[in-house]
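Novice: My questions all concern the structure below.
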Amino acid sequence: MKITPVDIRQVLFRISFKGYDPREVHSFLISVAEEVENLVKDNAMMKVKIEDQDQVITELKRKESAVTDTLVAAQKAMEEMRLSSQKEGELVIREAESRSEEITRSAVRQVTQLQGEIVSLRRQRDLFIEKAKALVQSFDKVLEWGGEKDA
């Protein structure tokens, strides 16, 4: 049975011939009732504080969960960015290597073409020299023939 401060204040004792002094009993009951009343108030305040603390704990757990989720998401995003950067870097390297090979092939083609042109120009030069020599010889013969005619 739950006893309240009001119950204590309203308790009546039978009076007997050699019983306790009613004033002392009444005074003690009032003291006990006040103490129980203070305890009930303290208990109620503690319950409110506990409820408040429970709400704070619940909110902190929710925030902790949100922070944890955010950290996990950030770690995943960071890993994805790292992988993406790595793939992008590999792609850039492959493109650079491909471009380098293309430039090298083009340079080799140009060198080959220039070497062919040099060979062709040397042939033309040699042919020109031969024709010039033949022309000079021809002029020389004409001059000799013309000199013989005059003599």
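The values are calculated or read from the model by the stated rules, or taken from the named source; none is laboratory data. Bear in mind that the values here come from a model prediction, so they are computed numbers and not experimental data. No Cβ is skipped: glycine too gets one built from the backbone with ideal geometry, and neighbour counts run over all protein chains shown.
Novice: Check whether at least one residue in region 40-50 is under 42 Å from the mean Cα position of the chain (by Cα) and among the aliphatic types (A, V, I, L, M), and report yes or no.
Specialist: Yes, that holds for at least one residue.
Novice: Taking Gln137, is it assigned to a helix (DSSP H, G or I) and either touching an Asp or Glu at 6+ places or on another chain (Cβ under 9 Å) or at pLDDT 95 or above (or both)? Let's see the steps before the verdict.
Specialist: Numbers: assigned to a helix (DSSP H, G or I): yes; either touching an Asp or Glu at 6+ places or on another chain (Cβ under 9 Å) or at pLDDT 95 or above (or both): no.
It is false that Gln137 is assigned to a helix (DSSP H, G or I) and either touching an Asp or Glu at 6+ places or on another chain (Cβ under 9 Å) or at pLDDT 95 or above (or both).
Novice: If you check every pair at least six apart or on different chains, which have Cβ atoms under 8 Å apart with a residue in region 1-15 that is within 21 Å of Asn43 (Cβ to Cβ) first and a residue that is of a type in the set (Val, Ile, Thr) and surrounded by 12 or more Cβ atoms within 10 Å (Cβ to Cβ) second?
Specialist: Here the result reads Ile3/Val36; Thr4/Val36; Thr4/Val40; Pro5/Val36; Pro5/Val40; Ile8/Val32; Ile8/Val36; Arg9/Ile30, each pair linking region 1-15 to a residue that is of a type in the set (Val, Ile, Thr) and surrounded by 12 or more Cβ atoms within 10 Å (Cβ to Cβ).
Novice: OK, next. Count, please, the residues in region 1-16 that happen to be of a type in the set (Val, Ile, Thr) and either assigned to a helix (DSSP H, G or I) or in contact with a Cys (Cβ under 8 Å, 6 or more places away or on another chain) (or both).
Specialist: Residues in region 1-16 being of a type in the set (Val, Ile, Thr) and either assigned to a helix (DSSP H, G or I) or in contact with a Cys (Cβ under 8 Å, 6 or more places away or on another chain) (or both): 2 in total.
Novice: Can you name the number of the only condition in (1) free of Cβ contacts under 8 Å to residues at least 12 places away in the same chain; (2) over 36 Å from the mean Cα position of the chain (by Cα) that Gln75 fails?
Specialist: Unmet condition: (2).
Novice: Report, by residue number, each residue of region 9-47 that is of a type in the set (Val, Ile, Thr) and at pLDDT below 85. Walk me through it before giving the result.
Specialist: Our first condition is that a residue be of a type in the set (Val, Ile, Thr); within region 9-47, this holds for 11, 15, 25, 30, 32, 36, 40.
Val11, Ile15, Val25, listed by residue number.
Novice: Please count how many residues of region 17-52 are in a helix (DSSP H, G or I) and surrounded by fewer than 12 Cβ atoms within 10 Å (Cβ to Cβ).
Specialist: Filtering region 17-52 down to residues in a helix (DSSP H, G or I) leaves 22-52.
From what's left, surrounded by fewer than 12 Cβ atoms within 10 Å (Cβ to Cβ): 22-24, 27, 31, 38-39, 41-52.
Of the residues in region 17-52, 19 are in a helix (DSSP H, G or I) and surrounded by fewer than 12 Cβ atoms within 10 Å (Cβ to Cβ).
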